[in-house]
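Peer 1: Below is a structure I'd like to ask you about.
Where a number appears in this text, it was derived from the coordinates with a stated rule and is not lab data. None of these values were measured; they are calculated from a predicted model. Heads up, the Cβs are rebuilt from the backbone with ideal geometry, glycines too, and the neighbour counts pull from every protein chain shown.
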Amino acid sequence: MHDLSIRGIHADALFASGVQRCDEPNAGQVRQAVATAIREFGYSGCAARVAQEFGDHPETAVIRMRWARAMAGAAFAESALQPGPCAVADRLHAVRPRLPTDQVAGSPGTWAA
């Protein structure tokens, strides 16, 4: 069964990218390669390339996928440790204004002004 998680998508995209093991990419290069592959091929296009390679060369595809899963997992785990713009979102509390009860009872526009 195919891994449909975000980790699986990252691994498929790295697998479908032009990056090779011998390039010894760093985490930033892996994230860039994943983003480029997803932009270029889409999620299903990356999965199709993985499937094609497993059909044509299953022995080498297993090795490449093992590498892609490890590299993508490490690259995106590293980026998850860095705080981003939503780092404080879990501490925010949204408060919605309450409408007067005479405006809540009917459909919009049906209350008396």
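Peer 1: Fewest Cβ neighbours within 10 Å first, please rank Ser44, Ser17 accordingly. Spell out each step's value before the answer.
Peer 2: On the way: Ser44 9, Ser17 23.
By the 10 Å Cβ count, ascending: Ser44, Ser17.
Peer 1: Quick one: what are the phi-derived ³J(HN,Hα) couplings along the stretch 20-30, Karplus 6.51/-1.76/1.60 with θ = phi - 60°, whole Hz, x for glycine and proline?
Peer 2: Ordered by residue, 3J(HN,Hα) equals 10, 4, 5, 6, 6, x, 8, 4, x, 5, 5 Hz.
Peer 1: Quick one: 3J(HN,Hα) in Hz for the stretch 67-73, Karplus 6.51/-1.76/1.60 with θ = phi - 60°, rounded, Gly and Pro as x.
Peer 2: 5, 4, 5, 5, 5, 5, x
Peer 1: I need Met65, Met71 ordered by Cβ neighbour count within 10 Å, fewest first.
Peer 2: Numbers: Met65 18, Met71 24.
Fewest-to-most Cβ neighbours within 10 Å comes out as Met65, Met71.
Peer 1: Amide H to amide H under 5 Å from Ser17: which residues, 5+ apart in sequence or cross-chain, H placed 1.01 Å off N in plane?
Peer 2: Long-range HN contacts for Ser17: none found.
Peer 1: Pop out the ³J(HN,Hα) list for the stretch 41-55 in order, Karplus 6.51 cos²θ - 1.76 cosθ + 1.60 with θ = phi - 60°, rounded to Hz; leave Gly and Pro as x.
Peer 2: Taking θ as phi minus 60°, the curve returns 10, x, 4, 5, x, 5, 4, 5, 5, 4, 4, 4, 5, 5, x Hz for the stretch 41-55.
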